[in-house]
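**Q** Have a look at the structure that comes next, please.
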Amino acid sequence: MQIQLSEADGTPYYLQVANQVKFLVASGRLEPHEQLPSVRGLAQQLTITPNTVARAYRELESEGVVISKRGAGVFISNGVSPLSNKEKRRILNERMDALLTESRQLGVDEATLLKLLRQRSQKFDLYKEVEK
Amino acid sequence: MSEHVIEISDLSRHFGKKQALANVNLSVPEGCVFGLVGENGAGKTTLLKHVLGFLKPQQGTVRVFGLDPVVDPPGVLGRVGHLSETRDLPTWMSIRELFEFTRAFYPKWDPVYAEELRNMFELSLNQKVPTLSRGQLARAGLLLALAHRPPLLVLDEPSSGLDPVVRKDILDAIIRTVVDEGRTVLFSSHLLDEVQRVSDRIAILDQGKILLASPLDEVLVSHYQLTVSFQEPQPFFPQLTGALMWTGSGREWKIVCNGQKQELEAALQELNAEILEQNAPTLEEIFVARMKSVERSAAT
């Protein structure tokens, strides 16, 4: 499991670890039932304290992304969508905020932006067709 | 045993007229990595020397494993691995002699572990201390601090002035120490990105006083950074509660803030300022903002 922590970001490390595990699950790089590294192992790999890793795993467990089996380790849970609706919305909101900021600075109004987005989406579908 | 490995209460210290420590209260829980940060001359080394029993408190108490380090040096130092800022190793010795010499003080010296560390740090037994490079000196000092597997590791500026490879060794050693069940690390550092990476808790020391002592995650989430845009250029940044530091000119400013988010947002709205961006400042940005804020209140 490869996790890249950023020091240029003040987001607590336990959240960075938890978020990245979710993305690895969402992108299929971590599969259901797959075992995660031990708390100590990941702490040494990332040079962060075991407390931080344990907190990330607890966070993931409370959200149902992983299951911790006593004595056996921590595993990706089965079949649960790794990203909750709230999480999906959070990710999209970030992108949309950036888009809105930019379009306002460029003087593009909301109606035009929506029209552009729709056109783009149609084109996107078309490209996908062609690729197939 | 108490769950706090180190307990410091109301510790004060003067050197002549200079107050080096003023009513310091600090607890270090077992099994955590505690980072001590502060500007040069803030009192970090003085505080660590009290923990090690090298200085006697003029006021207040210091307890390590429940013991007074001044009264019971073997009881405390036998369980502590420490690396001083000046890495004062005897200059006439070779690495081999240094091992034998240090080993005599620690009944729990682990020769297998010492040898493992020596190989990892690529130190040769016949090399003499004065011929060691800065990085090798740090590694040798670290080895001596670790080889008796102490339950408490105290490191004073362990990575200042070292190259990234040696710094990585030091951080790895800190992590390896806490990964071994229940062990504790107290270290001071200037390198705030490192402190942010490896610490569970931090304390900021400023002119002998504890400015802040808290779990690192709490420090990080209680501070935030805003980029704001005013409708008119501002010659000076307006006075706002919660704003610790600001940089910028004209219409756009960046502010580092602590708490009081609703009040601050309301105040900005009143000034017709728009929040363009909000992000999480790093520990370094928080530290600088705190220091600027202290300087400002001292100046007024």
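**Q** Pairs of Cα atoms under 8 Å, at least six residues apart: use those to get the relative contact order of chain B, whole percent. The partial results should precede the final answer.
**A** Details: 559 pairs, mean separation 56.6, N = 300.
So the answer I get is 19 percent.
**Q** Just check the protein assembly as shown against the gyration tensor rule for me: Cα atoms, a ≥ b ≥ c as the square roots of the eigenvalues, rounded for a/c under 1.5, and otherwise prolate or oblate depending on whether a/b exceeds b/c. List each step's numbers first, then the result.
**A** Numbers: a/c = 2.34, a/b = 1.46, b/c = 1.60.
Since a/c reaches 1.5 but b/c is at least a/b, the shape of the protein assembly as shown is classed as oblate.
**Q** Run the quick spin-label model on A:L114 and B:S229: label points 7 Å from Cα toward the beta carbon, then report their separation in nm to one decimal.
**A** So the two model labels end up 2.3 nm from each other.
**Q** Taking the radius of gyration and the Kirkwood hydrodynamic radius from Cα positions alone, what is the Rg/Rh ratio for chain B, to two decimal places? Could you put the intermediate results ahead of the total?
**A** Working: Rg = 22.3 Å, Rh = 21.1 Å.
Using Cα coordinates only, the ratio equals 1.05.
**Q** Work out the charge dipole of the protein assembly as shown with +1 on the Cβ of Lys and Arg and -1 on the Cβ of Asp and Glu about the Cα centre, then indicate which of A:M1, B:N40, B:Y113 is farthest towards its positive end.
**A** B:Y113
**Q** Shifting gears a bit: For chain A, set up a Gaussian network in which alpha carbons nearer than 10 Å are linked by springs, and say which option among A:I67, A:I91, A:I76 fluctuates the most.
**A** Answer for the Gaussian network model of chain A: A:I91.
**Q** Moving on. Show me the trypsin sites (Lys or Arg not before Pro) within region B:1-41 that DSSP assigns to loop and that have at most 12 other Cβ atoms within 10 Å of their Cβ. Walk me through the numbers on the way to the answer.
**A** Numbers: sites: B:R13, B:K17, B:K18; in loops: B:K17.
Sites meeting the loop and neighbour criteria: B:K17.
**Q** Pairs on different chains or at least eight residues apart, Cα atoms closer than 21 Å: how many lysine pairs in chain B fit?
**A** 16
**Q** Of all the stretches in chain B, which is the longest one without any exposed loop site, taking chymotrypsin sites (Phe, Trp or Tyr not before Pro) in a DSSP loop (any state but H, G, I, E, B) with at most 12 other Cβ atoms within 10 Å?
**A** Counting only loop sites that pass the neighbour cut-off, the longest clear stretch is B:106-235.
**Q** Sticking with this one: Just counting partner chain Cβ atoms within 10 Å, what average do the residues of peptide B:195-201 show around their Cβ? List each step's numbers first, then the result.
**A** On the way: counts 0, 7, 8, 6, 5, 6, 2.
Shielding by partners across B:195-201 averages 5.
**Q** Could you list, bin by bin from short to long, the percent of Cα-Cα pairs of chain A in 5 Å steps?
**A** Spelled out bin by bin, chain A gives 2, 9, 15, 17, 14, 11, 10, 9, 7, 4, 1, 0 percent.
**Q** While we're here: Apply the Karplus parameterisation 6.51 cos²θ - 1.76 cosθ + 1.60, with θ equal to phi minus 60°, to every residue of region B:167-184 and state each ³J(HN,Hα) to the nearest whole Hz, in sequence, with x for glycine and proline.
**A** Using θ = phi - 60°, the values come out as 4, 4, 4, 5, 5, 4, 5, 4, 5, 4, 5, 7, 5, 5, 2, x, 7, 10 Hz.
**Q** Counting other Cβ atoms within 10 Å of each Cβ, which trypsin sites (Lys or Arg not before Pro) in region B:80-109 have at most 16 and sit in a DSSP loop? Could you put the intermediate results ahead of the total?
**A** Values: sites: B:R87, B:R96, B:R103, B:K108; in loops: B:R87, B:K108.
Hits after loop and neighbour filter: B:K108.
**Q** Could you check the spin-label model distance between B:K128 and B:E270? Points 7 Å from the Cα along Cα→Cβ, value in nm.
**A** 7.2 nm
**Q** Normalised by the number of residues in region B:108-207, what is the relative contact order in percent for Cα pairs under 8 Å and 6+ residues apart? Numbers along the way, then the final one.
**A** Working: 84 pairs, mean separation 26.0, N = 100.
In percent, rounded to a whole number, it is 26.
**Q** Per residue of B:211-224, what is the mean number of Cβ atoms on other protein chains within 10 angstrom of that residue's Cβ? The partial results should precede the final answer.
**A** On the way: counts 0, 0, 0, 0, 2, 6, 8, 1, 2, 6, 4, 0, 1, 1.
If you average over the peptide's residues, the count of other-chain Cβ atoms is 2.
**Q** Using a 7 Å offset from the Cα along the Cα-to-Cβ direction at both B:S12 and B:E263, what is the distance between the two label points in nm, to one decimal?
**A** Those two pseudo-labels are separated by 3.0 nm.
**Q** Further, regarding this structure: Taking chain B as a Gaussian network, Cα atoms linked when under 10 Å apart, which of B:S12, B:S199, B:S133 shows the biggest mean-square fluctuation?
**A** With Cα springs under 10 Å in chain B, the top fluctuation among B:S12, B:S199, B:S133 is at B:S133.
**Q** Next up: Against the empirical 2.2 N^0.38 Å scaling, what ratio does the C-alpha Rg of region B:1-139 come to?
**A** In units of the 2.2 N^0.38 Å rule of thumb, it is 1.20.
**Q** Related question: Specify which residue in the list B:F230, B:H148, B:T300 is farthest towards the positive end of the charge dipole of the protein assembly as shown, using unit charges on the beta carbon of Lys, Arg (+1) and Asp, Glu (-1), about the Cα centre.
**A** Working it through, the farthest residue towards the positive pole turns out to be B:H148.
**Q** Let me ask something additional. Give the average, rounded to an integer, of partner chain Cβ atoms located within 10 angstrom of each Cβ in B:179-186.
**A** Values: counts 9, 2, 2, 0, 0, 0, 1, 0.
Mean number of neighbouring Cβ atoms from other chains: 2.
**Q** With equal scatterers on the alpha carbons only and no solvent term, can you work out the Debye log10 of I(q)/I(0) for region B:170-300 at 0.16, 0.17, 0.22 1/Å?
**A** -0.85, -0.93, -1.32
**Q** Over chain A, what relative contact order in percent results from Cα pairs under 8 Å that are six or more residues apart?
**A** Numbers: 93 pairs, mean separation 27.0, N = 132.
The value is 20 percent.
**Q** Within the accessible area of the protein assembly as shown, what % is carbon and sulfur when the probe is 1.4 Å and the other protein chains stay in place?
**A** Taking all protein chains in place, the protein assembly as shown shows 51 percent carbon and sulfur surface.
**Q** If you don't mind, another one. Considering only DSSP beta bridges with both partners in the protein assembly as shown, what is the antiparallel share in %, to the nearest 5? Walk me through the numbers before you get to the answer.
**A** Details: 45 of 62 bridges.
Once the DSSP bridges in the protein assembly as shown are tallied, antiparallel ones form about 75 percent.
**Q** What's the long-distance tail for region B:1-77, i.e. % of Cα pairs beyond 17 Å? Intermediate results must be reported in sequence, preceding the final value.
**A** Numbers: 1243 of 2926 pairs.
Percentage above 17 Å: 42.
**Q** At 222 nm, what value in deg cm²/dmol follows for chain B if DSSP H runs of at least 4 each add -39500 (n - 2.57) and the sum is divided by all its residues, to the nearest 500? Please list the in-between numbers first.
**A** On the way: 10 runs with 102 residues, N = 300.
Helices in chain B give a 222 nm mean residue ellipticity of -10000 deg cm²/dmol.
**Q** So which GluC sites (Glu not before Pro) in region B:211-266 pass both tests, a DSSP loop state and at most 12 other Cβ atoms within 10 Å of the Cβ? Display every interim value, and only then the final one.
**A** Details: sites: B:E218, B:E252, B:E263, B:E265; in loops: none.
Loop-located and lightly packed - none at all.
The values are calculated or read from the model by the stated rules, or taken from the named source; none is laboratory data. Nothing here was measured: the structure is a model prediction, and the numbers come from that model. As a convention, Cβ positions derive from the backbone with ideal geometry for all residues, glycine included, and neighbour counts pool all protein chains shown. Calculation scope for accessible area: heavy atoms of the full protein, side chains included, ligands and nucleic acids excluded. Shrake-Rupley method; radii C 1.70, N 1.55, O 1.52, S 1.80 Å.
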